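Working notes, structure below.
The values are calculated or read from the model by the stated rules, or taken from the named source; none is laboratory data. What you see is a predicted model; the values in this text were computed from it and never measured. So basically every Cβ, Gly included, is an ideal-geometry build from the backbone, and we count neighbours across all protein chains shown.
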Amino acid sequence: MASSSSPSSSSSVQELHFPPLNIPITTSRPVHVSPAGPIPAEFGHSLYLSNLDDIIGARVFTPTVYFYRSDFFNPDDEKPVVRTLREALAAVLVPYYPLSGRLREAMNGKLEVFFGPEQGALMVEAYSEMALAELGDLTVPNPAWAPLIYVFPDEEPYKVLDMPLLIAQVTVFSCGGFSLGLRLCHCICDGLGAMQFLGSWAATAKSGTLIAKPDPVWDREVFRPRDPPAVKFPHVEFMKIDDESSLTMSLWQEKPVQRCYRVSREFQARLKAVAQFSDRFTCTTFDAMAAHIWRSWVRALDVKPLDYRLRLTFSVNARQKLKEAPLRDGFYGNVVCLACATSSVDELVNGRLSDTARLVREARIDVSEEYLRSTIDYVEVDRPRRLEFGGKLTITQWTRFPIYETADFGWGRPVYAGPIDLTPTPQVCVLLPEGEAEPSGRTVICICLPEFATGKFTELLCSGVGDRLPSAGGGAEGV
């Protein structure tokens with residue numbers, strides 16, 4: 001059954017539906033993929049990870065899936081897809097050799113990459129008797145795709161120690177199409193770093209010879225903490241907040257459901273016009289979208305009490321902010337800071353969209369080189385041991401990643417590239433690009449909610465309740 005789009009009060013926002021599925025697969029024994037040549041790391045060698053790599057939110061695997069139809073396959077090519085991908089991965093693991101190591105805890109619980117007897121990435125070959133067409137609309141992330149990403153039997157949640165840092169599952173479907181399910185450890189690279197690695201792997205598979213441009217750069221020592229550490233900001237994003245609100249109970253009492261929405265370029269522009277809070281400052285599309293999603297989410301959940309302080313966190317790429325010590329081209333480690341906007345429930349649900357957008361903008365521009373250094377020092381002084389969810393929504397922006405362009409392994413752009421299931425972390429919202437070759441400017445919003453709040457959230461997201469959206473030819477009103 002294909003997904004469908006529900007009409008809404010704004011034709012510029014469509015709720016996307018995905019079918020319930022049971023994907024039967026047969027998997028082969030996992031195979032370790034070692035670098036195809038010598039690497040500059042011997043048995044017993046270790047590599048330094050910065051505190052940005054070792055931040056508590058990075059101690060996860062980022063699961064993604066890529067679908068490829070059989071349209072671009074060469075019938076005269078006798079080399080199987082799995083073999084092509086495995087040989088290219090082995091080749092690219094030479095310059096990206098840290099991905100063949102393992103993580104272990106060193107002094108004070110800090111992580112490092114270690115090269116021991118268990119090395120290499122992991123690749124699993126799978127087969128399904130289903131055809132890709134039976135999976136429905138492949139442009140809408142579906143939690144039912146979970147079997148396409150390999151997880152060890154009885155694997156503990158959030159386990160990263162002694163695990164392969166790259167786990168790949170290639171599932172070939174009866175129609176000849178296939179999926180590539182990846183789990184990449186966030187400690188090794190951020191989103192842009194992952195795109196750099198993926199691009200090298202894809203280019204190598206496509207050409208049949210190693211391509212690594214730019215040359216990968218490790219250099220994690222450039223983010224060593226200062227001596228003594230100098231924490232110059234409160235870093236509310238990491239603070240433990242007593243959850244005296246109804247928020248967490250609403251989200252975790254019952255299993256949340258994933259909802260996806262396609263938002264047009266025109267709706268985003270109109271929302272931005274409403275959120276524009278000053279002639280002196282420019283409100284970005286992200287500022288407006290994040291503010292609107294945050295307010296709609298909190299309103300739909302009917303969070304109480306009204307004086308409870310809420311947090312909105314989101315990652316900011318700090319590469320361009322490093323003026324004193326710019327990074328070398330090819331650096332693929334974590335260079336993101338967690339920005340944090342705060343508001344009471346009352347200010348959020350009863351205030352203007354422009355006020356919320358201003359909070360998002362201020363949190364975004366507050367991320368500076370000094371803020372990055374302060375974050376590094378904060379983690380050094382008080383290394384957080386657990387993720388704090390109190391009063392928090394986290395928005396992750398993937399719309400600027402060239403994920404579709406990067407992932408052409410020789411069989412064309414993927415039909416879909418991105419995450420599949422947000423429900424294990426229901427306080428996360430992801431903004432995804434659409435996969436068309438010609439950019440439409442449309443964004444797909446994926447978010448988790450308890451079932452009782454889904455209808456209200458859809459209504460609020462589509463209509464911009466509380467602020468009057470301007471007509472196509474008019475100015476912003478009601479702000």
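Among the residues of region 409-442, just one is of a type in the set (Asp, Glu), touching a strand residue (DSSP E or B) at 6+ places or on another chain (Cβ under 8 Å) and modelled with pLDDT under 90, namely Glu434.
Across region 82-133, which residue is surrounded by the fewest Cβ atoms within 10 Å (Cβ to Cβ) among those that are at positive phi and not in a loop (DSSP other than H, G, I, E, B)?
Quick first cut of region 82-133, residues at positive phi only: 108-109, 120.
Now restrict to residues that are not in a loop (DSSP other than H, G, I, E, B): 108-109.
Working: Asn108: 7, Gly109: 9.
The residue in question is Asn108.
Please go through region 12-48 and pick out each residue that is under 30 Å from Cys260 (Cα atoms) and either aliphatic (A, V, I, L, M) or free of Cβ contacts under 8 Å to residues at least 12 places away in the same chain (or both). Within region 12-48, Val13, Leu16, Leu21, Ile23, Ile25 meet the criteria. Suppose we keep only residues that are more than 20 Å from Lys321 (Cβ to Cβ) and hydroxyl-bearing (Ser, Thr, Tyr) within region 351-380. Which one would you say is surrounded by the most Cβ atoms within 10 Å (Cβ to Cβ)? Checking each candidate, the answer is Thr356. Selection within region 381-426: residues that are over 18 Å from Arg442 (Cα atoms) and aliphatic (A, V, I, L, M). The member of this set that is surrounded by the most Cβ atoms within 10 Å (Cβ to Cβ) is Leu393.
Residue count for region 377-408 under the criterion of being among the small types (Gly, Ala, Ser), touching a strand residue (DSSP E or B) at 6+ places or on another chain (Cβ under 6 Å) and modelled with pLDDT under 95: the result is 1. Looking across region 137-173, the residues that are assigned to a loop (DSSP other than H, G, I, E, B) and under 18 Å from Pro19 (Cα atoms) come down to Asp137, Leu138, Thr139, Val140, Pro141, Asn142. Scanning region 305-355 for residues that are under 21 Å from Ile395 (Cβ atoms), in a loop (DSSP other than H, G, I, E, B) and without any contact (Cβ under 8 Å) to a residue 40 or more places away in the chain turns up just one, Gly351.
Table: residues versus (1) free of Cβ contacts under 8 Å to residues at least 40 places away in the same chain; (2) touching a strand residue (DSSP E or B) at 6+ places or on another chain (Cβ under 7 Å); (3) acidic (Asp, Glu).
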site: Phe114; (1), (2), (3): no, yes, no
site: Ala144; (1), (2), (3): no, no, no
site: Tyr150; (1), (2), (3): no, yes, no
site: Lys159; (1), (2), (3): yes, no, no
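Among the residues of region 256-297, how many are in a helix (DSSP H, G or I) and free of Cβ contacts under 8 Å to residues at least 60 places away in the same chain? Going through region 256-297 one residue at a time, the tally reaches 3. Does region 273-284 contain any residue that is touching a Gly at 6+ places or on another chain (Cβ under 8 Å), at pLDDT below 95 and of a type in the set (A, V, I, L, M, F, W, C)? Yes: one or more hits. Can you find, within region 266-295, the residue that is nearest to Ala341 (Cα to Cα) among those that are of a type in the set (D, E, K, R) and surrounded by fewer than 24 Cβ atoms within 10 Å (Cβ to Cβ)? Across region 266-295, the extreme among qualifying residues is Lys272. Whether any residue in region 49-64 is at pLDDT 95 or above, buried (at least 16 other Cβ atoms within 10 Å of the Cβ), touching a strand residue (DSSP E or B) at 6+ places or on another chain (Cβ under 6 Å) and more than 30 Å from Arg413 (Cβ to Cβ) is what I want to check. Among the residues of region 49-64, at least one is at pLDDT 95 or above, buried (at least 16 other Cβ atoms within 10 Å of the Cβ), touching a strand residue (DSSP E or B) at 6+ places or on another chain (Cβ under 6 Å) and more than 30 Å from Arg413 (Cβ to Cβ), which makes the answer yes. Here Asp227 meets each of (1) free of Cβ contacts under 8 Å to residues at least 24 places away in the same chain; (2) under 23 Å from the mean Cα position of the chain (by Cα) with one exception, condition (2).
Can you spot a residue in region 386-393 that is assigned by TED's automatic domain parsing to the domain that holds Val298, charged (D, E, K, R) and touching a Ser or Thr at 6+ places or on another chain (Cβ under 7 Å)?
Yes: one or more hits.
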